[in-house]
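Asks: My questions all concern the structure below.
The values are calculated or read from the model by the stated rules, or taken from the named source; none is laboratory data. As the structure is a computational prediction, the values presented were derived from the model and not from experiment. Every residue, glycine among them, receives a Cβ derived from its backbone with ideal geometry; neighbour counts consider all protein chains shown.
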Amino acid sequence: MGTATAHDIIWPDVELIRNEFPILQQTVNGRPLVYLDNGATTQKPVSVIRSMQEYYTQYNSNVHRGVHTLSQQATAAYEAARHAVAAFIGAHHHEVVFTKGTTDAINLVAAGFRKAFLKEGDEIIISAMEHHSNIVPWQLACEEKGAKLKVVPINDKGELDMDAFRAMLSPA
């Protein structure tokens, strides 16, 4: 068997996917909008917009905090979403935690790790490719606990320097 080439790959229908996102139907400077700042804000497909509209117009209420009808409906929808995500990623539903976004999730993981495991003299390794939202929480954790943050550099090709990474690993 040979190596797969770009010709062998089944490419998705980009226009079909773009059509699911209403915001991508506009043009900017005479060209179709391309939005690449998904780390900060992710654009929503029609299915998500419809679900959000249904939630806000039909059963907007606190989840897991009430016994009244709207709260029970909101809780059921929330738990159904948790089960769907769990099935999609191959997890148990109780392992799925919803956060406000990626930055919030990283902060939650870093804070939990810092409190439960990190101690003075420990080392955390991240890469130079990280978004600042995955750098700052680890910097703060190291500063608070007296741990050391190590950063794997990237080479001229934009790849992680795996030799440098291996050299950063301390004995267990």
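Asks: Of the residues that make up the range 91-113, is at least one over 30 Å from Leu140 (Cα atoms) and among the basic types (Lys, Arg)?
Replies: So far as the range 91-113 goes, no, none of its residues is over 30 Å from Leu140 (Cα atoms) and among the basic types (Lys, Arg).
Asks: Is the range 29-43 home to any residue that is in a helix (DSSP H, G or I) and among the aliphatic types (A, V, I, L, M)? Step through it out loud before you land on a result.
Replies: Residues of the range 29-43 that are in a helix (DSSP H, G or I), as a first pass: none.
The answer is no, given that none of the residues of the range 29-43 is in a helix (DSSP H, G or I) and among the aliphatic types (A, V, I, L, M).
Asks: Here's another thing I want to ask about it. Within the range 82-118, count every residue that is part of a helix (DSSP H, G or I) and either within 27 Å of Lys145 (Cα to Cα) or touching a Ser or Thr at 6+ places or on another chain (Cβ under 6 Å) (or both).
Replies: 15
Asks: Considering the range 44-72 alone, what residues qualify as being in a loop (DSSP other than H, G, I, E, B), among the small types (Gly, Ala, Ser) and within 20 Å of Lys100 (Cα to Cα)?
Replies: Initial filter on the range 44-72 (in a loop (DSSP other than H, G, I, E, B)): 44-45, 60-68.
With the extra rule that they be among the small types (Gly, Ala, Ser), the set shrinks to 61, 66.
Of everything in the range 44-72, just one residue is in a loop (DSSP other than H, G, I, E, B), among the small types (Gly, Ala, Ser) and within 20 Å of Lys100 (Cα to Cα), namely Ser61.
Asks: Is it the case that Ser127 is at pLDDT 95 or above and either at positive phi or hydroxyl-bearing (Ser, Thr, Tyr) (or both)? Show your work before the answer.
Replies: Values: at pLDDT 95 or above: yes; either at positive phi or hydroxyl-bearing (Ser, Thr, Tyr) (or both): yes.
So Ser127 fits the description; yes.
Asks: Further question: Taking the condition within 30 Å of Ala80 (Cα to Cα) and among the hydroxyl-bearing types (Ser, Thr, Tyr), does Ser170 pass?
Replies: No.
Asks: For the structure I just gave you, tell me whether Thr75 is among the β-branched types (Val, Ile, Thr), free of Cβ contacts under 8 Å to residues at least 40 places away in the same chain and loosely packed, with under 12 Cβ neighbours inside 10 Å.
Replies: No, not satisfied.
Asks: Looking only at residues in the range 129-147 that are surrounded by 14 or more Cβ atoms within 10 Å (Cβ to Cβ) and closer than 22 Å to Ala167 by Cβ, which one is farthest from the chain's Cα centre (by Cα)? Give the steps one after another, and end with the answer.
Replies: Here is the first cut: in the range 129-147, the ones surrounded by 14 or more Cβ atoms within 10 Å (Cβ to Cβ) are 130, 133-142, 145, 147.
When the remaining residues are screened for being closer than 22 Å to Ala167 by Cβ, the result is 130, 134-135, 138-139, 142, 147.
Details: Glu130: 13, Asn134: 11, Ile135: 14, Trp138: 16, Gln139: 19, Cys142: 22, Ala147: 25 Å.
Among them, the one singled out is Ala147.
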